[in-house]
Amino acid sequence: MPSLRAAAQRGEVVAVYTQPDRPAGRGRGLTPSPVKLEAAARGIPVLQPESLKGELSHDALRALRPDLMVVVAYGLLLPQRILEVPRFGCWNVHASLLPRWRGAAPIQRAIEAGDAETGVCLMQMEKGLDTGPVLLPQRMPIGADETAGQLHDRLAALGAQVLADGLGLLRAGMRPVPQPQPAQGVTYAHKLDKAEARLDWMQPAGVLARKVRAFDPWPVAEAEIAGERLRIHGAVALDEAHTAAPGTLLRAGRDGLDIACGTGVLRVRVLQREGGKAITAADYVNARRELMRA
């Protein structure tokens with residue numbers, strides 16, 4: 001959304017491509033993406049092909065006679081013949097410092113890995129997965145308690161700024177100089193799987209705390225605590241020695257639920273019961289006072 005707004009400021013966007021409307025909500029009715037709604041509000045034509053591989057998609061894009069295509073978290077592969085249609089090719093706004101974290105989930109994987117910083121790369125697209133040369137990079141520190149959702153929003157704003165800078169250079173006839181990605185340091189941010197959300201108490205508390213942050217707002221970490229399956233939205237690692245079996249509830253109080261891990265203790269601060277909403281540990285303990293007496 002921020003990148004679309006940045007690109008559309010001068011009325012130069014001739015069309016917006018977004019994925020087809022998907023079922024959403026309790027009624028599972030077809031729901032347009034926020035990108036489609038934003039484009040429609042600006043009077044920009046919207047195209048929603050299921051794929052870009054066919055002749056119809058290719059011909060429709062050629063008919064637009066685009067100078068440039070900008071891709072932001074589109075979710076569909078662009079064939080080589082599509083990449084070759086625009087005069088200046090295709091730019092991708094990618095939320096990592098390439099070549100680290102190529103792929104589908106760079107924000108989540110950076111947090112999960114404990115990276116101290118990330119950023120945005122404006123990249124010239126080619127057939128490989130995020131392998132193209134970088135046009136403009138911008139770095140950003142990752143907050144110690146920052147979730148994937150919070151970092152996503154900050155990177156979206158930064159990406160819009162980087163895109164605006166690139167477009168400004170192109171308008172002025174100073175096309176950004178592509179810098180090939182180094183061969184060293186390549187990592188892949190594999191797509192998130194809901195099965196990853198289940199926490200393994202055998203792992204160190206620090207690892208689990210990062211997973212909680214990385215998987216918020218989706219798929220949200222979950223675990224069994226005190227005999228109940230809970231989703232965990234907020235937690236911190238405590239550097240505390242113990243002899244308890246991993247998964248043991250050590251303490252329950254207003255500050256949190258302290259769970260023994262393979263190394264250290266995970267303090268759960270914000271959680272969600274089955275069918276409920278996210279609540280603080282204090283509210284949870286008030287509902288289960290027997291835990292404080294355990």
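Only the coordinates and a few stated rules stand behind these numbers; no lab work does. Quick caveat: nothing in here was measured; it's all calculated off a predicted structure. Positions of Cβ are generated from backbone atoms using ideal geometry, with glycine treated the same way; all protein chains shown enter the neighbour counts.
How large is the direction-averaged shadow of the alpha-carbon convex hull of region 110-234, in nm²?
On the way: hull surface 37.1 nm².
Reported value for the Cα convex hull: 9.3 nm².
Which FRET efficiency value, to the nearest 0.05, do you get for Asp67 and Glu117 by plugging their Cβ-Cβ distance into 1/(1 + (r/R0)^6) with R0 = 41 Å? Don't skip to the answer; put the middle values down first.
Details: r = 33 Å, r/R0 = 0.81.
Working from the Cβ atoms, E equals 0.80.
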Task: Cα-Cα pairs of region 117-175 separated by more than 18 Å (percent) - done: 44
Open item on the list: Run the numbers for Arg26 and Leu77: contour at 0.36 nm per residue of separation, minus the present Cα-Cα distance, in nm.
Closed with: 15.4 nm
Open item on the list: Which residues does the label zone of Gln179 cover in region 94-123, counting backbone N under 14 Å from a point 7 Å along Cα→Cβ?
Closed with: 97-100, 119-123
Open item on the list: Of Val177, Ser33, Ile82, which is farthest towards the positive pole of the chain's charge dipole, taken about the Cα centre with +1 and -1 on the beta-carbons of Lys, Arg and Asp, Glu respectively?
Closed with: Ser33
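Can you sort Val162, Val212 from fewest to most other Cβ atoms within 10 Å of each residue's own Cβ? Walk me through the numbers before you get to the answer.
Working: Val162 24, Val212 28.
Lowest to highest Cβ neighbour count: Val162, Val212.
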TODO: Tell me what the chain gives for mean residue ellipticity at 222 nm when only DSSP H runs of n ≥ 4 count, each as -39,500 (n - 2.57), the sum divided by the residue total, rounded to 500 deg cm²/dmol.
DONE: -7500 deg cm²/dmol
- [ ] In vacuum, with every alpha carbon of region 1-52 counted as one equal point scatterer, what does the Debye formula give for log10 I(q)/I(0) at q = 0.15, 0.18, 0.29 Å⁻¹? Two decimals, please.
- [x] -0.44, -0.60, -1.13
Task: Listed residue (Gly54, Thr131, Ala73) projecting farthest to the positive dipole end of region 33-145, Cβ model - done: Gly54
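Compute, for region 194-293, the length of the dipole vector about the Cα centre, with Cβ point charges of +1 (Lys, Arg) and -1 (Asp, Glu) only. Units Debye, rounded to 20. Show your work: numbers first, answer last.
Details: 16 positive and 13 negative charges, 51 e Å.
The dipole of region 194-293 has a size of about 240 debye.
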- [ ] Could you check the simple spin-label distance between Ala195 and Arg42, using points 7 Å along Cα→Cβ, in nm with one decimal?
- [x] 4.0
Task: Cα pair distances in region 41-129, grouped into 10 Å bins until the bin that holds the longest one, percent each - done: 15, 43, 28, 13, 2
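What GluC sites (Glu not before Pro) does region 229-294 have in DSSP loop regions with at most 12 other beta carbons within 10 Å? Before the final figure, lay out the partial values.
Working: sites: Glu240, Glu274, Glu290; in loops: Glu240, Glu274.
Those satisfying the criteria are Glu274.
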Task: region 174-294: Cα Rg divided by the 2.2 N^0.38 Å rule of thumb - done: 1.32
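How about region 87-187: which chymotrypsin sites (Phe, Trp or Tyr not before Pro) there are in a DSSP loop, with at most 15 other Cβ atoms within 10 Å of their Cβ? Display every interim value, and only then the final one.
Numbers: sites: Phe88, Trp91, Trp101; in loops: Phe88, Trp101.
Counting only loop positions with at most 15 other Cβ atoms within 10 Å, the chymotrypsin sites (Phe, Trp or Tyr not before Pro) in region 87-187 are Phe88.
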Open item on the list: To make sure I understand, if each residue's beta carbon is the centre and we count other beta carbons within 10 Å, what order do Asp59, Asp153, Asp165 fall in, fewest to most?
Closed with: Asp59, Asp153, Asp165
Open item on the list: If you restrict to DSSP beta bridges whose two residues both lie in region 2-189, what percentage is antiparallel, to the nearest 5?
Closed with: 70
TODO: Over all directions, average the projected area of the Cα convex hull of the chain and note it in nm².
DONE: 17.7
Task: Magnitude of the charge dipole, the chain, Cβ model with Lys/Arg +1 and Asp/Glu -1, debye to 20 - done: 520
Task: Cross-link table Lys127/Lys211; Lys191/Lys211; Lys36/Lys211; Lys127/Lys191; Lys127/Lys194; Lys194/Lys277, entries beyond 26 Å C-alpha to C-alpha - done: Lys127/Lys211; Lys36/Lys211; Lys127/Lys194
Task: Given the chain, longest segment not containing exposed loop trypsin sites (Lys or Arg not before Pro) (DSSP; at most 13 other Cβ within 10 Å) - done: 128-190
TODO: Arrange the following residues from fewest to most other Cβ atoms within 10 Å of their Cβ: Val16, Val71.
DONE: Val71, Val16
Open item on the list: For Val14, project a label point 7 Å along Cα to C-beta. Then give me every residue of region 48-64 with its amide nitrogen under 16 Å of that point.
Closed with: 57-64
Open item on the list: Rounded to the nearest 20 debye, what is the charge dipole size of region 72-165 about its Cα centre when +1 sits on each Lys and Arg Cβ and -1 on each Asp and Glu Cβ?
Closed with: 360
